C-alpha cells in the first residue's frame, strides 16, 4: 500500500531479527536482569505481553500510550464522567420513577433513556482524547525520540489508535458494568445479551471517533488543525447530515426523475452513513427490535416511519405497537445494504478511512 | 562497508534549500564529528539519515541500508540522541528505558545504564517531566545506548550538560567507539569535536566545505591563531619585524598594539622578533580561531 511497508517484514521474519540480535549476545556482559519486569504482572500476562510484542510492531507503542494517558488522570476523570454524568442520573431517574415497580425496568428503557446523551457526548470525549495523539508529539519533539526507535510510522499511528481507544472504551465499559450491577441489585429484568451488545456498540462509537481524531492528528502537522478537522466533521454530521440526507433524496426525485422508493432508499442510506445514527439504530436492533423496525425508526413521525417502512425497506405495516402500527419485513426481506452487518460496516469505515488518509499523509510527511 | 554514505543529498523545503549536494562517507568504527554553525543543515542531514525527512535528490545509506526504504532496519541497530526532542513527561526515567528495551528487543541492565550516564536511581523513578535539561539529556543518551547499537547518532549531545556531564559524555563516546560502534556526533562548538573525534566534516550553508582528520583541523585552527601584543610605546618597524617571521600570515600595528595572525607554534618567535626590533613587550594575548574563522580558512584554502 505504501513504500514504507518494507519495514514490516521484520516482524514476520523472526529468524532475521534473531540473527541481527545474535552479534550482540557475545559481548553483552550477562548482568543480572531480574526485577526489571516487576510490573508485568502474572506469568500468563507476561507470556501474552511477550507474544504481542513479537507479533505486532504497534503493541509497545499502544501500551506506552495507554500507560502515559492513564497517568494523566484523564482515564479516571472519564470514568467519573461516564459513571457520574451518564449512568447515575439515568439509574436514579429510573429507580425513583418506577418506585415499588422497580423490577419492571428493562434494558431497553435504560438504553433509551441515555441514547441521545451518549451518542452526543461519546464522540466529543473521543475527539478530546484523540486529536493531539500524533500532532502533540510532533509539536513537543517526543516524536523524534519515538521514531528513532525501530517503529515505522504506521506502527505509531496504529499504536496511538489502539492505546487511546482503550482510554475511551474502558471508562465506557466501566460505566455500563456498574450500571448493570446497580440494576441487577434492585431486581430489574436485564437482557444480558442486549446489555452486552449495547455496551460494546457504545464502546465502538467511542473507538470510531477516536480513530477519526487520531487520523486527523496524523494527517495534519499541528494539534490545532487536527482539532478543527475532527470537530468540523462531527459538527457537520450532527447539524447538517440529516437534512443533507433527506434533501439528497428529494433532489434525486425532483431533477433526476428517480422513483419515490429509490429516493427514500438514498436518504435512508445516507442517514446510515452517519456513525452516530448508525449507532442508534444498531442499539435498537440489539435491544430486540427487528432490523426493519430499527431502520424505519430512524426517522421522526409515524407517517415518515410508515413511508420508509413500505417504500424504502419493502416492509408491511401491521396494526398495534407503540405508534399504532408495527413495521414488519416484506416478502423480499430487508435489502442487504440496510442490514445490521452493513450498518456496522459503515461505522467501521469511519474508523478506517480517516486512519488511512492520516497514515498516508503522515507516512510521506517531513517531520 | 561505510557506516554512513551520503551521495549528492539535496533537500529543499519550499523555497529554502537546506542541503546542497552533500557527499560524505563515515567509516565503520570511527568517531565522526559533524561541525557547523547553527542553521548550517546539520539536523536536516541527521533527519535524512533517520528518514524523518526525505531528500529532494541524492541518496543516503546507513549501515548498508537505504535510509528511506530500510529505515526501520537501520533504527534497530542505531542509537539516537536527537536535537529538539522531548521526553514523555508522565513516564519515569526507568519506564523510558524499559520502553526502549522493549522496542529494540534488548535486555540491557537499566541500573547499569543509569550509572553510566550519571543519572541517580532516585531520579530514575521520578516522572521525567520534572527533569532538568541536563537530566533529560542524560536520560536520552542512556536510551540511545540501549541494545549496544552499531551506530550512535548524537545531535549536539553536550546541550544542557554541565562540564562534568560533557566529560562523561565524551568518555562514553570513546567507550562506544572502542566497543566497535561508529559514532556520528554533531556540534557547533569546535572544542567538543576536536577533543573526541577521529575525523571531522564541516558543513556551512548546506554544503560540506571540508572533511579532514582532527590533526588537519587542528593545524588549520592553529594557522589562524591571533596574537595581540601591547608594547610599552609605539615602535616603528615592529610590525614589519613580526611579519618577517616564518608562519606569520599578517601583522598590523595600531599605535602601541600589534595584531599578528600566525601559526600557534610561531608565537614565541614573533615575540622575540618584536623585542629584537627594539620594542618592549608589556603584555600579550592569544586567541584561538573561532569556528567562523576556521570555516574561512577552509573555504579560502579550497577555492
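Here, each number is a calculation from the coordinates, and none is a lab measurement. These figures come from a predicted structure and were not determined experimentally. Cβ placement follows ideal geometry from the backbone for every residue including glycine, while neighbour counts extend to all protein chains displayed.
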Rounded to the nearest 10 degrees, what's the angle between the helix A:223-236 long axis and the longest principal axis of chain A, both from Cα atoms, 0 to 90?
20 degrees
Using the Kirkwood radius built from alpha carbon pairs, what does the Stokes-Einstein equation give as D for chain A at 10 °C and 1.306 mPa s, in µm² per second?
69 µm²/s
Expected sort for B:184, A:209 with the fewest Cβ neighbours (10 Å cutoff) up front is B:184, A:209
Could you put B:88, A:255, B:131 in order, starting from the residue whose Cβ has the fewest other Cβ atoms within 10 Å?
A:255, B:131, B:88
With runs of 4+ DSSP H residues as the only contributors, calculate the mean residue ellipticity of chain B at 222 nm using -39,500 (n - 2.57) per run, divided by the residue total and rounded to the nearest 500.
-10500 deg cm²/dmol
Length-normalised contact order for region B:76-234 - Cα pairs under 8 Å, 6+ apart - percent:
22 percent
Scoring chain B by relative contact order with C-alpha pairs under 8 Å, at least six apart, yields a percentage of 19 percent
At residue A:51 and residue A:357, where each label point lies 7 Å from the Cα along Cα→Cβ, what is the point-to-point distance in nanometres?
3.7 nm
For region A:215-296, inverting the pair-averaged 1/r of distinct alpha-carbon atoms gives a Kirkwood value in Å of 14.6 Å
Which FRET efficiency, nearest 0.05, do residue A:260 and residue B:20 yield, Cβ-Cβ r, R0 51 Å?
0.15
With n ≥ 4 as the cut-off for DSSP H runs, can you work out [θ] at 222 nm for chain A, using -39500 (n - 2.57) per run divided by the number of residues, rounded to the nearest 500?
-22000 deg cm²/dmol
Tell me, what is the FRET efficiency for residue A:101 and residue A:342 to the nearest 0.05, using R0 = 56 angstrom and their Cβ-Cβ distance as r?
0.90
The helix A:59-71 Cα axis meets the longest alpha-carbon principal axis of chain A at an angle in degrees, between 0 and 90 and rounded to 10, of 80 degrees
Relative contact order for chain A: what percent, with Cα pairs under 8 Å and sequence separation of 6 or more?
18 percent
In nm, spacing of pseudo-spin labels at residue A:304 and residue A:117 (7 Å Cα→C-beta vector)
2.5 nm
Would you kindly calculate the translational diffusion coefficient of the protein assembly as shown, applying Stokes-Einstein with the Kirkwood radius from alpha carbon pairs, for 10 °C and a viscosity of 1.306 mPa s, and quote it in µm² s⁻¹ without decimals?
53 µm²/s
For residue A:73 and residue A:240, compute 0.36 nm times the residue count separating them, minus their Cα-Cα distance, and round to one decimal in nm.
56.7 nm
Across the residues of B:47-55, average count of Cβ atoms on other protein chains within 10 Å?
3
For helix B:267-276, report the angle its Cα long axis makes with the longest principal axis of the Cα atoms of chain B; keep it between 0 and 90° and round to the nearest 10°.
10 degrees
Using a Förster distance of 45 angstrom, determine the FRET efficiency expected from the C-beta separation of residue B:256 and residue B:54, and round it to 0.05.
0.15
Hey, got the average number of other protein chain Cβ atoms within 10 angstrom for residues in B:79-88?
5
At 37 °C and a viscosity of 0.692 mPa s, what translational diffusion coefficient does Stokes-Einstein give for chain B, taking Rh as the Kirkwood radius over Cα pairs? Give it in µm²/s as a whole number.
153 µm²/s
With each pseudo-label sitting 7 Å past Cα toward Cβ, what's the residue A:225-residue B:125 distance in nm, one decimal?
4.4 nm
Please check: in the Gaussian network model of chain A (C-alpha springs, under 10 Å), which one of A:65, A:254, A:137 has the largest mean-square fluctuation.
A:254
Shape box of region B:127-189 [Cα atoms, principal axes, largest first, Å]:
34, 27, 17
